[in-house]
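Note sheet for the following structure.
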Ligand SMILES: Nc1ncnc2c1ncn2[C@@H]1O[C@H](COP(=O)(O)OP(=O)(O)OP(=O)(O)O)[C@@H](O)[C@H]1O
């Protein structure tokens, strides 16, 4: 777990300000959800936190240390499950330990006992221990995404980032996968920032919420503060119709 401080972060692509003077802090072990319309700047923010994208100005610090490039203690889960189809779930999970494995050892597929235990432990966390030996190409999309989560956990991150981790899944699998991300983060006390475009899922799983609109941070608060009117401000009316109807139906 780590504290993440983002100060006056701006990222410009030509005339487009993908991030515009964004500042926030994520406390140790906090589970934060990043909201915003398509093009709001969510991926750019996650990529800056991951050290893949260099900000135009501003600063990111993890436990006080400036982020200047990719770091081993920051793991990312992507929308597409980038698993190696020919490998088993266990083999994929073990690739999360490559940052701790020498090049020669990785060539011959040698892994330390603690790394092997870590991979099995991570598969257990995502409910796939009984499928450890199954080739991932024969698994469902949701299961492949859970293998991706296991791999991220084996990396032993202090910060877990997830960029639309359930966008390509059906609603039931999306809920299952989000449940595993949430419980993995809780179990390991991981500071987490996950972008989600499904507002209902975000409200179900999020604890803290950050929202971007046109690159600006327009909301930073907790579940009780994330009212339908705020969601309206983040998205416009389109996404909130269902929520209003749901709220009224339960009233
Ligand atoms: N490499 C790039 N070059 C030029 N413009 C970019 C680049 N990456 C992002 N942008 C622009 O920055 C803005 C923010 O994009 P970003 O992908 O961060 O949004 P997003 O909220 O993640 O959207 P989505 O939900 O559709 O993935 C958009 O206007 C996008 O076109």
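The values are calculated or read from the model by the stated rules, or taken from the named source; none is laboratory data. The structure displayed is predicted, hence computed values, not measured ones. Here Cβ is always computed from backbone atoms with ideal geometry, including for glycine, and neighbour counts include all displayed protein chains.
Would you be able to tell me the number of residues in segment 20-36 that are in contact (Cβ under 8 Å) with a residue 40 or more places away in the chain and either farther than 18 Å from residue 199 by Cβ or more than 17 Å from the chain's Cα centre (by Cα) (or both)? Full working, then the answer.
The first filter runs over segment 20-36 and keeps only residues in contact (Cβ under 8 Å) with a residue 40 or more places away in the chain, leaving 20-24, 26-36.
Imposing the further condition that a residue be either farther than 18 Å from residue 199 by Cβ or more than 17 Å from the chain's Cα centre (by Cα) (or both) reduces the set to 20-24, 26-30.
Matching residues across segment 20-36 total 10.
Does any residue in segment 80-108 that is within 22 Å of residue 163 (Cβ to Cβ) come within less than 7 Å, Cβ to Cβ, of a residue that is surrounded by 14 or more Cβ atoms within 10 Å (Cβ to Cβ) and modelled with pLDDT under 75 six or more places away or on a different chain, and which pairs are these?
Within 7 Å, the pairs are 98/106.
Quick one: which of 217, 196, 190, 210 is away from the ligand (no atom under 16 Å from the Cβ), touching a strand residue (DSSP E or B) at 6+ places or on another chain (Cβ under 8 Å) and either within 20 Å of residue 125 (Cα to Cα) or touching a residue at least 60 places away in the same chain (Cβ under 8 Å) (or both)? Can you show your working first?
Values: 217 fails: away from the ligand (no atom under 16 Å from the Cβ); 196 fails: away from the ligand (no atom under 16 Å from the Cβ); 210 fails: away from the ligand (no atom under 16 Å from the Cβ).
That would be 190, the only listed residue that is away from the ligand (no atom under 16 Å from the Cβ), touching a strand residue (DSSP E or B) at 6+ places or on another chain (Cβ under 8 Å) and either within 20 Å of residue 125 (Cα to Cα) or touching a residue at least 60 places away in the same chain (Cβ under 8 Å) (or both).
When segment 217-239 is examined, which residues are found to be within 21 Å of the chain's Cα centre (by Cα) and under 17 Å from residue 32 (Cα atoms)? Break it down into steps so the answer makes sense when it comes.
So the first thing to find is which residues in segment 217-239 are within 21 Å of the chain's Cα centre (by Cα), and the list is 217-223, 226, 231, 234-235.
Across segment 217-239, the qualifying residues are 217, 218, 219, 220, 221, 222, 223, 226, 231, 234.
Can you tell me which residues in segment 196-214 are buried (at least 24 other Cβ atoms within 10 Å of the Cβ) and farther than 22 Å from residue 143 by Cβ?
Restricting attention to segment 196-214, the residues satisfying the condition of being buried (at least 24 other Cβ atoms within 10 Å of the Cβ) are 196, 211-212.
Residues satisfying the conditions are 211, 212.
Answer with yes or no whether residue 156 is more than 19 Å from residue 18 (Cα to Cα) and away from the ligand (no atom under 16 Å from the Cβ). Even if it seems obvious, please write down each step before you answer.
Details: more than 19 Å from residue 18 (Cα to Cα): yes; away from the ligand (no atom under 16 Å from the Cβ): yes.
Answer is yes for this residue.
Within segment 10-20, take every residue that is within 10 Å of the ligand (Cβ to nearest atom) and part of a strand (DSSP E or B) and give me the one that is surrounded by the fewest Cβ atoms within 10 Å (Cβ to Cβ). Don't jump to the end; show me each part of the working.
Within segment 10-20, the subset within 10 Å of the ligand (Cβ to nearest atom) is 11-19.
Checking which are part of a strand (DSSP E or B) leaves us with 11-13, 16-19.
Numbers: 11: 22, 12: 14, 13: 11, 16: 13, 17: 17, 18: 24, 19: 28.
Going through the qualifying residues, I end up with 13.
So which pairs qualify, if the first residue must be in segment 3-16 and touching a residue at least 60 places away in the same chain (Cβ under 8 Å) and assigned by the TED database to the domain that holds residue 50, the second must be away from the ligand (no atom under 14 Å from the Cβ) and not in a strand (DSSP E or B), the Cβ gap must be under 7 Å, and the two must be at least 6 apart or on different chains?
Pairs found: 3/27; 3/28; 3/63.
How many residues does segment 21-57 contain that are closer than 17 Å to residue 215 by Cα and within 15 Å of the ligand (Cβ to nearest atom)?
Of the residues in segment 21-57, 23 are closer than 17 Å to residue 215 by Cα and within 15 Å of the ligand (Cβ to nearest atom).
Quick check on residue 84: is it buried (at least 20 other Cβ atoms within 10 Å of the Cβ) and more than 11 Å from the ligand (Cβ to nearest atom)? Spell out the reasoning first.
Working: buried (at least 20 other Cβ atoms within 10 Å of the Cβ): no; more than 11 Å from the ligand (Cβ to nearest atom): yes.
So residue 84 does not fit the description; no.
Residues 98, 94: which one is surrounded by 13 or more Cβ atoms within 10 Å (Cβ to Cβ) and at pLDDT 90 or above?
Details: 98 fails: at pLDDT 90 or above.
94 is the lone residue from the list that is surrounded by 13 or more Cβ atoms within 10 Å (Cβ to Cβ) and at pLDDT 90 or above.
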